[in-house]
Every structure is written in C-alpha cells, then in structure tokens.
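Working notes, beginning with the structure itself.
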Amino acid sequence: MSTEKVRAARARVYGPPEGVTPDTKVHVYTFDVFNETFLDGKVFENIERAVQFQRHEQERIYTEQEATPELFDLPFLSSDSDLVARVGRDAEYRKRLLRDLKSDARGRGRRH
C-alpha cells in the first residue's frame with residue numbers, strides 16, 4: 001500500500017447533518033478560523049486526490065498568511081455537497097462544525 005493511501009485512510013471527512021445523504025464525492029472546503037466563515041471548495045472523485053489537494057492548500061496558506069498557527073485558514077474534507085449554504089440555514093449544524101473545526105485549529109496551534 002502506498003504512503004498516500006495510508007495517509008488518506010487516516011483523513012477526517014466531516015459528514016452532513018443527520019438525515020442528509022452524504023455525497024459520493026469528497027469536497028475540500030476552507031474554514032476561515034478568524035472570521036468563522038466557510039469558503040467554497042473543490043470537488044474530487046476520491047479521497048486520495050482530496051487529501052493531496054488539502055495538503056497543498058495548507059502549505060500555500062502557511063506561506064501566505066501571517067497569523068499564529070491556530071488562526072490560519074483550515075482546509076478540511078467533507079461529504080456534504082451543500083455545506084456552505086447549509087451552515088447558513090442550519091444553526092445546529094454550523095455550531096457542530098465550528099466546535100469541531102476550532103478544536104482542530106487549536107490542536108494545530110499546539111503542535112507548532
């Protein structure tokens with residue numbers, strides 16, 4: 001098994017809220033930690049390509065943004081094709097995503 005497949009297998013993919021069928025494709029969205037907003041992303045047929053793009057975006061963000069690591073924009077994977085619109089409509093879903101993604105951002109800040 002290649003290293004890329006092992007890394008992709010450990011990737012976290014955020015799902016849509018209960019009752020919504022997950023998309024078969026993997027979406028890479030960006031969470032603006034500072035402004036608590038969600039930015040449109042790219043769609044991939046498989047998780048390996050999505051993880052590769054996510055890591056590329058993370059490297060680009062680290063070189064472009066001037067912030068402490070916990071405030072860098074955070075690219076993340078999701079199986080929700082309507083995430084950006086859904087967080088505007090569904091307060092509970094937005095709250096859950098914010099909690100999880102802020103936790104990931106804080107963890108990233110502790111690692112650096």
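The values are calculated or read from the model by the stated rules, or taken from the named source; none is laboratory data. Quick caveat: nothing in here was measured; it's all calculated off a predicted structure. Here the Cβ is made from the backbone with ideal geometry for all residues, glycine too, and neighbour counts use every protein chain on show. To get the accessible areas, we keep the full protein, side chains included, count just its heavy atoms, and leave off ligands, DNA and RNA. Shrake-Rupley method; radii C 1.70, N 1.55, O 1.52, S 1.80 Å.
A few notes on this one:
- Hey, T68 β-branched (V, I, T), within 11 Å of V33 (Cβ to Cβ) and out of contact with any Cys (no Cβ under 7 Å at 6 or more places or on another chain) or not: yes
- Members of the stretch 66-92 found to be polar (S, T, N, Q) and either free of Cβ contacts under 8 Å to residues at least 12 places away in the same chain or crowded, with 21+ Cβ neighbours inside 10 Å (or both), listed by number: S78
- Y62 open to solvent by 70 Å² or more (accessible area, probe 1.4 Å) and aromatic (F, W, Y): yes
- For the stretch 25-52, a tally of residues being open to solvent by 70 Å² or more (accessible area, probe 1.4 Å), polar (S, T, N, Q) and touching a residue at least 12 places away in the same chain (Cβ under 8 Å) returns 1.
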